[in-house]
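What follows is a short report on a single structure.
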Amino acid sequence: MQRPEEELILMLQKNGVDFTASLPCEKIKTLLEMVGERFHHVPLTREEEGVGICAGAALTGRRPAMFVQSSGIGNMINALLSLTAFYELPLALFVSRRGVYKEKIEAQSPMGRKLPGILTGAGIAWTEIDSFEDLMKVEQELPEVYSRNRIHAFLMSPEVWEGSECGMRSAECGVKGLQTRTRDRWFIPHTASSPILTRYDIINSIAPFLEGKIVVSNLGWPSKELYAIKHQSSNFYMLGSMGMATPIGVGIALTSKKEVIVIDGDGSLLMNPGTLATAAYLAPKNLKILCIDNGAYGSTGNQPTLAGTCVDLEAVARGFGLSNTVKTVKVEDIVNTMRLRQEELTFVHALAVPGNKDVPNIPLHHLEIKRFVQEALRR
Ligand SMILES: Cc1ncc(C[n+]2csc(CCOP(=O)(O)OP(=O)(O)O)c2C)c(N)n1
């Protein structure tokens with residue numbers, strides 16, 4: 001039997017797809033690697049921008065396709081309707097559908113389960129792809145996308161990839177795809193050495209200074225690692241909603257006297273960088289934003305982010321008006337900043353290497369997480 005990834009790629013090639021864009025989902029990491037190798041491919045910072053980029057490519061006669069997670073559709077709806085559909089441009093959406101099949105992350109369910117209804121409500125055609133055999137449905141629908149300028153969403157269950165590489169490879173897969181970092185050029189002189197710490201090392205080193213503070217931790221591995229290293233009731237573990245760690249921290253800091261620490265990631269900050277401008281403008285003194293920049297989407301297979309190649313997130317933060325910033329690869333610098341009493345909005349840009357610690361899932365119900373944090377905020 002042919003691999004499903006290979007089969008899908010052949011169908012795309014047969015239908016003349018010649019432009020692709022993606023934002024990773026762990027369930028399709030092998031497919032994404034192959035798409036990157038075989039097509040003109042644009043790695044995205046937010047799914048919505050992909051709609052614009054693909055619209056531009058369609059205007060020049062390209063046949064675009066996007067590869068996203070079901071949650072990403074939530075970030076795309078307005079652009080899909082007011083741009084792609086409005087101007088009658090073609091777009092094939094290959095959606096890694098979460099929340100329905102053997103899902104371990106409960107936060108994937110609200111979007112994943114309601115997706116067909118959302119797409120139907122938006123007037124976007126969709127087809128469920130639940131097995132290798134179902135891939136034939138892509139073959140049937142794809143020609144119409146490009147001949148009649150349609151949007152079509154293919155909702156691909158993780159079941160399709162079961163037994164194939166996408167289904168079997170470990171979360172570390174994708175590391176080999178990491179591009180050579182070019183960011184040495186903007187390292188500040190005293191940190192001329194390359195990053196050596198992992199996200200786990202950094203969280204571990206700051207654990208004593210998190211005690212009693214409100215800690216908002218980014219979705220995926222960062223939250224799991226924080227839980228394993230230092231669980232406390234004042235930790236708000238994000239289980240979904242990529243890009244929202246810093247906004248949640250800003251909201252808490254503005255409305256509470258507690259010290260708040262956000263543990264954000266480079267991929268997530270790049271999805272929603274404008275939040276740094278809002279933070280700088282509002283400047284809550286009781287907020288520290290620790291961006292652990294491993295140059296990768298660590299939780300979905302270590303695909304490179306643009307922070308690992310061309311973006312200097314500290315410079316972004318400064319450009320948006322944050323003046324109290326630290327960039328470092330050194331544990332002492334991170335610890336020293338975290339140890340300081342909170343007197344000014346602080347942005348710590350901690351450069352790290354990719355890698356996830358093998359830790360279990362968080363055994364807490366999301367409403368328990370909320371209740372504990374609310375109690376901690378009242379104390
Ligand atoms: C809207 C949306 N798109 C994609 C995903 C899939 N996803 C979950 S975590 C993650 C990577 C986050 O990367 P980063 O912020 O750099 O943190 P790291 O895991 O590297 O610590 C991605 C792409 C998602 N949950 N939501």
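What follows draws every value from the coordinates through simple rules; no lab data is involved. Worth saying up front: this structure is predicted, and the values here are computed from it rather than measured. Note: ideal-geometry Cβ built from the backbone for every residue, glycine included; neighbour counts use all protein chains shown.
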- Query: By how many degrees, 0 to 90 and rounded to 10, does the Cα axis of helix 47-59 deviate from the longest principal axis of the chain?
  - Reply: 40
- Message: Rounded to whole Å, give me the distance from the Cα center of region 118-161 to that of region 278-323.
- Response: 35
- Item | On Cα atoms only, tilt of 366-378 relative to the major axis of the chain in degrees | 30
- Note on the structure: extent check for region 204-250: Cα max minus min per principal axis, descending, whole Å, gives 26, 21, 18
- Note on the structure: Counting only residues 5 or more apart in sequence or on a different chain, those whose built amide H sits under 5 Å from that of Asp264 are Leu290, Cys291, Ile292
- Note on the structure: Binned at 10 Å from zero, the C-alpha pair distances of region 4-168 give percents of 11, 45, 38, 6, 0
- Message: Just to confirm a number: summing +1 for Lys and Arg and -1 for Asp and Glu over residues other than Val17 whose beta-carbon lies under 12 angstrom from that of Val17, what do you get?
- Response: +3
- re the chain: pairs of Cα atoms spaced beyond 32 Å account for a percent value of 34
- Query: Modelled label-to-label distance, Lys102 and Lys114, 7 Å Cα→beta-carbon offset: nm?
  - Reply: 2.7
- Environment charge at Leu80 (Cβ cut-off 11 Å; Lys +1, Arg +1, Asp -1, Glu -1): -2
- Query: Reachable lysines from Lys327, Cα under 20 Å, same-chain residues fewer than 8 places away excluded?
  - Reply: Lys285, Lys288
- Item | Crossing angle, helix 4-14 versus the chain [Cα axis fit, 0-90 degrees, rounded to tens] | 60
- Query: When you count, for each residue, the other Cβ atoms within 10 Å and take the mean per peptide, how do 221-231, 259-269 rank with the highest first?
  - Reply: 259-269, 221-231
- Note on the structure: For region 270-278, in residue order, the Karplus 3J(HN,Hα) values (coefficients 6.51, -1.76, 1.60; θ = phi - 60°; whole Hz; Gly and Pro = x) are 5, 6, 9, x, x, 4, 5, 5, 4
- Note on the structure: Going residue by residue through region 323-334, the Karplus relation 6.51 cos²θ - 1.76 cosθ + 1.60 with θ = phi - 60° gives ³J(HN,Hα) values, rounded to whole Hz and with x marking Gly or Pro, of 9, 8, 10, 9, 10, 7, 10, 9, 4, 4, 5, 5
- Val311 long-range amide H proximity, modeled H, under 5 Å: none
- Rounded to the nearest 500, the 222 nm mean residue ellipticity computed for the chain from DSSP H runs (n ≥ 4, each -39500 (n - 2.57)) alone is -11000 deg cm²/dmol
- Task: Could you calculate the FRET efficiency of Glu343 with Gln2 from 1/(1 + (r/R0)^6), where r is the beta carbon distance between them and R0 is 51 Å, rounded to 0.05?
- Result: 0.25
- Message: With a cut-off of 8 Å between alpha carbons and a minimum separation of six or more residues, what is the relative contact order of the chain in percent?
- Response: 16
- Note on the structure: Counting all Cα-Cα pairs in region 105-146, those more than 15 Å apart amount in percent to 57
- Mean-position separation - Cα centroids, region 333-379 and region 35-112, in angstrom: 30
- Query: If you wrap a convex hull around the Cα atoms of region 175-378, how much volume per residue is inside, in Å³?
  - Reply: 105
- Cβ under 14 Å from Ile292's Cβ, Ile292 left aside: what net charge do those residues give with Lys, Arg +1 and Asp, Glu -1? -1
